[in-house]
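Chemist: Sending over a structure as structure tokens; questions will come in a sec.
The values are calculated or read from the model by the stated rules, or taken from the named source; none is laboratory data. Computed from a predicted structure; not experimentally measured. Note that we place each Cβ from the backbone using ideal geometry, even for glycine, and neighbour counts take in every protein chain shown. These accessible areas exclude ligands, DNA and RNA; they are computed on the full protein's heavy atoms, side chains included. Shrake-Rupley method; radii C 1.70, N 1.55, O 1.52, S 1.80 Å.
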Amino acid sequence: MRETDASWTVITGSTGGIGREITKKLAARDDAMILVNRSETKANTQRSDILVTHPELRIEVVTADLFDTAKIAAATDKINALPGRIDALYNTAGVLTAEKSLSAQGFESQFAVNTLAPYQLIQNLRAKMARPLSESPAMIVNFSSSAITSVKTLDLDSLANPDKVGGLMSTYAQTKLAMTALAPALADDLKSDNILIRAIDPGATKSAMTTGGNSGMPKLLAWFAPLLFSPADKQAAKVVDSADPSAFDGGSGIYVANLREKKLPTAAADLKTQKDLVALLNSLLANS
């Protein structure tokens, strides 16, 4: 394969949890990958480990703190400079916490990483994902969560910097509801570049985020998580299967959980909410 023919899959947060398992499954099918992580050391170790069993696999490491829009911009410049195009973008990286911290641009951490960063990546990498309508479409995976069932409306006024920060069932749920709403909000526009987008809920997953004493996890749920949540490799397989462009009749802008297309939550399906969310994200990025 010539360098100019390279077809990349971009995975954020590839070094831990479900991101690590998704990366393993993509490596097993020989996908060329761009690993986007905050820790260059961990990412390089991951790359070396993969190359032990897949020595011919093309893997690039790009360092970026998704908590900082300026660093995301620098990372996407590096990705866009690589030869070839992007076939898939997995917006896997996420933050769950009950402790408030603000980015350099003044955005709450869960919003910055879970919602704004994926949107910025989509916009900055769109041209590298575009392809003729006659070809197989590219795919964007936005990570949703079953936590979104705990919230009925998307509070756009406080999404970027809420007065009070909560964990799984509050602030985190809001950021994941926003990610879910972005799928239908962007679907028609992305279709013109032959790019599909899906909001995929991997299901309750055993990871450091959910079982490691995270302040964002409700105490009772954290206690049961090791018993009730599924292994990351099992959930990763569901995500990769759900990201197949031919699955779900080639649907875009859809919400998928447990390998089934489900009805979008009311707030995510609301056209005005979708429009206002995109306007908010565009405004924040333009002024950051």
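Chemist: Out of the residues in the range 145-161 that are in contact (Cβ under 8 Å) with a residue 60 or more places away in the chain and touching a Phe, Trp or Tyr at 6+ places or on another chain (Cβ under 8 Å), state the one that is nearest to Ala268 (Cα to Cα).
Modeler: At the first step, the residues of the range 145-161 found to be in contact (Cβ under 8 Å) with a residue 60 or more places away in the chain are 146, 148-149, 151-154, 156, 159-160.
Add one more test, that the residue is touching a Phe, Trp or Tyr at 6+ places or on another chain (Cβ under 8 Å), and what stays is 159-160.
Numbers: Leu159: 14, Ala160: 17 Å.
It comes out as Leu159.
Chemist: Moving to a separate point now. Would you say Asp193 is out of contact with any Leu (no Cβ under 6 Å at 6 or more places or on another chain), outside any helix (DSSP H, G or I) and modelled with pLDDT of 95 or more?
Modeler: Values: out of contact with any Leu (no Cβ under 6 Å at 6 or more places or on another chain): yes; outside any helix (DSSP H, G or I): yes; modelled with pLDDT of 95 or more: yes.
Taking the combined requirement at face value, the residue satisfies it.
Chemist: Something else: Examine the range 118-129 for a residue that is touching a Lys or Arg at 6+ places or on another chain (Cβ under 9 Å) and surrounded by 18 or more Cβ atoms within 10 Å (Cβ to Cβ), and state whether such a residue exists.
Modeler: Scanning the range 118-129, I find at least one residue that is touching a Lys or Arg at 6+ places or on another chain (Cβ under 9 Å) and surrounded by 18 or more Cβ atoms within 10 Å (Cβ to Cβ), so the answer is yes.
Chemist: Now for a separate question. Could you tell me how many of the residues in the range 186-204 are surrounded by fewer than 22 Cβ atoms within 10 Å (Cβ to Cβ) and under 24 Å from Gln235 (Cα atoms)?
Modeler: Residues in the range 186-204 being surrounded by fewer than 22 Cβ atoms within 10 Å (Cβ to Cβ) and under 24 Å from Gln235 (Cα atoms): 2 in total.
Chemist: Out of contact with any Gly (no Cβ under 9 Å at 6 or more places or on another chain), within 28 Å of Pro184 (Cα to Cα) and either at pLDDT below 80 or in a helix (DSSP H, G or I) (or both): is that true of Ala237 in this structure?
Modeler: On the way: out of contact with any Gly (no Cβ under 9 Å at 6 or more places or on another chain): yes; within 28 Å of Pro184 (Cα to Cα): yes; either at pLDDT below 80 or in a helix (DSSP H, G or I) (or both): yes.
Considered against the rule, which asks whether it is out of contact with any Gly (no Cβ under 9 Å at 6 or more places or on another chain), within 28 Å of Pro184 (Cα to Cα) and either at pLDDT below 80 or in a helix (DSSP H, G or I) (or both), Ala237 comes out as yes.
Chemist: Before we move on, is Ala127 over 24 Å from Ala88 (Cβ atoms) and in a helix (DSSP H, G or I)? Step through it out loud before you land on a result.
Modeler: On the way: over 24 Å from Ala88 (Cβ atoms): no; in a helix (DSSP H, G or I): yes.
Spelling it out, it is not the case that Ala127 is over 24 Å from Ala88 (Cβ atoms) and in a helix (DSSP H, G or I).
Chemist: If you don't mind, there's one more thing I want to ask. Can you give me the number of residues within the range 10-45 that are β-branched (Val, Ile, Thr), open to solvent by less than 20 Å² (accessible area, probe 1.4 Å) and not in a strand (DSSP E or B)?
Modeler: Filtering the range 10-45 down to residues β-branched (Val, Ile, Thr) leaves 10-12, 15, 18, 22-23, 34, 36, 41, 45.
If we keep only those that are open to solvent by less than 20 Å² (accessible area, probe 1.4 Å) as well, we get 10-12, 22-23, 34, 36.
Remaining after also requiring not in a strand (DSSP E or B): 22-23.
Of the residues in that region, 2 qualify.
Chemist: Among the small types (Gly, Ala, Ser) and under 23 Å from Thr9 (Cβ atoms), is that true of Ala98? First the steps, then the outcome.
Modeler: Values: among the small types (Gly, Ala, Ser): yes; under 23 Å from Thr9 (Cβ atoms): no.
For Ala98, the condition - among the small types (Gly, Ala, Ser) and under 23 Å from Thr9 (Cβ atoms) - is not met.
Chemist: Sticking with this structure for a sec: Going by the structure shown, is Ala93 assigned to a loop (DSSP other than H, G, I, E, B), buried (at least 24 other Cβ atoms within 10 Å of the Cβ) and touching a Leu at 6+ places or on another chain (Cβ under 6 Å)? Please lay out each step first, then the result.
Modeler: Numbers: assigned to a loop (DSSP other than H, G, I, E, B): yes; buried (at least 24 other Cβ atoms within 10 Å of the Cβ): yes; touching a Leu at 6+ places or on another chain (Cβ under 6 Å): yes.
Yes, satisfied.
Chemist: So which of Ile34, Ile50, Ile86 is over 23 Å from Leu177 (Cα atoms) and without any contact (Cβ under 8 Å) to a residue 40 or more places away in the chain?
Modeler: Values: Ile34 fails: without any contact (Cβ under 8 Å) to a residue 40 or more places away in the chain; Ile86 fails: without any contact (Cβ under 8 Å) to a residue 40 or more places away in the chain.
Checking each option against the conditions leaves just Ile50.
Chemist: Output yes when any residue across the range 199-215 is among the basic types (Lys, Arg) and at pLDDT 80 or above, and no when none is.
Modeler: Going through the range 199-215, the residues among the basic types (Lys, Arg) turn out to be 206.
The next check asks that each one be at pLDDT 80 or above; those that pass are none.
The answer is no, given that none of the residues of the range 199-215 is among the basic types (Lys, Arg) and at pLDDT 80 or above.
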